[in-house]
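Presented below is the structure to which this report refers.
The values are calculated or read from the model by the stated rules, or taken from the named source; none is laboratory data. Not measured: the values here are computed from a predicted model. When we count neighbours, we look across all protein chains shown, and the Cβ atoms used for this are built from the backbone with ideal geometry, even at glycine. To get the accessible areas, we keep the full protein, side chains included, count just its heavy atoms, and leave off ligands, DNA and RNA. Shrake-Rupley method; radii C 1.70, N 1.55, O 1.52, S 1.80 Å.
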Amino acid sequence: MSKKDNGGLTVIFAYLNEKNRPYSAQDVFNNLQKQHGLGKTAVVKAMEQLALEGKIKEKTYGKQKIYFADQAQFAEVSEADLKAIDSRISDLSTQVQAISQGCRQLDAELKELNSSLTTEEMMSEIQELKAECSGYRERLEKIKSATNHVTPEQKEMVYKERHLYVKEWKKRKRLASDMMGSILEGYPKTKKQFLEEVGVETDEDCKVTMPST
């Protein structure tokens, strides 16, 4: 038997004694393969050999074999000892729950702190905001001190004039369009040629878009 196989025997034997629970060869392979790099065939052979040598026990359930540590090697445990062990397990479980709860709280606090600004970052942001506010104040003062303000009445008058001009623009464009339509009914050439001959420029030629009223 190779040195690696002997190592596998030692590992599996120690594992079964430590856990002291029934396992199939597949269970042992799954639990030890990643840490010790044991192959499935090597695990099966090792467990069969350990059972053959009487170091572990083997039970067959249908087509499956179950292996477990030889209980004769362990000292007998009294009922009082079992109760003490159960009590200790209960205490440890309570401690684990409390520690886990504390860890979750600390993790939540850590996440909150990681998402918060540091003192240096906060001071830098305050300075940036102060500078931004200062800029807004200067701009506001310039607006207030300007002498060319437009009164609401002036603004309303401009909008009314604009509305009037746009309305007139649309009216004249419609009249011109109707006139050209009448001419083009008896014109032998295309509309484009007509416009070129008479020298008419359209809004599109001037790249002008009629605004809405």
What part of the accessible area of the chain, given as a whole %, is carbon or sulfur when the probe is 1.4 angstrom?
54 percent
Net charge within 14 Å of residue 103 by Cβ-Cβ distance, Lys/Arg positive one each and Asp/Glu negative one each, not counting residue 103 itself?
0
Cβ-based net charge around residue 74, under 14 Å, with every Lys or Arg adding one and every Asp or Glu removing one
0
Hey, what's segment 115-213 come to in accessible area per residue, 1.4 Å probe, Å²?
91 Å²
What list of ³J(HN,Hα) couplings, whole Hz, do you get for segment 121-132 from phi and the Karplus terms 6.51, -1.76, 1.60, once you set θ to phi - 60° and write x for glycine and proline?
5, 5, 5, 5, 5, 4, 4, 5, 5, 4, 5, 5
Would you compute, from DSSP H runs of 4+ residues alone, the mean residue ellipticity of the chain at 222 nm, taking -39500 (n - 2.57) per run and dividing by the full residue count, rounded to the nearest 500?
-24000 deg cm²/dmol
Using the Karplus equation 6.51 cos²θ - 1.76 cosθ + 1.60 (θ = phi - 60°), what ³J(HN,Hα) coupling, rounded to whole Hz, does each residue of segment 175-186 give in order, writing x for Gly and Pro?
5, 5, 5, 5, 5, 5, x, 5, 5, 5, 4, x
Segment residue 117-residue 149, extension gain: residue separation times 0.36 nm, minus the distance between their alpha carbons:
7.2 nm
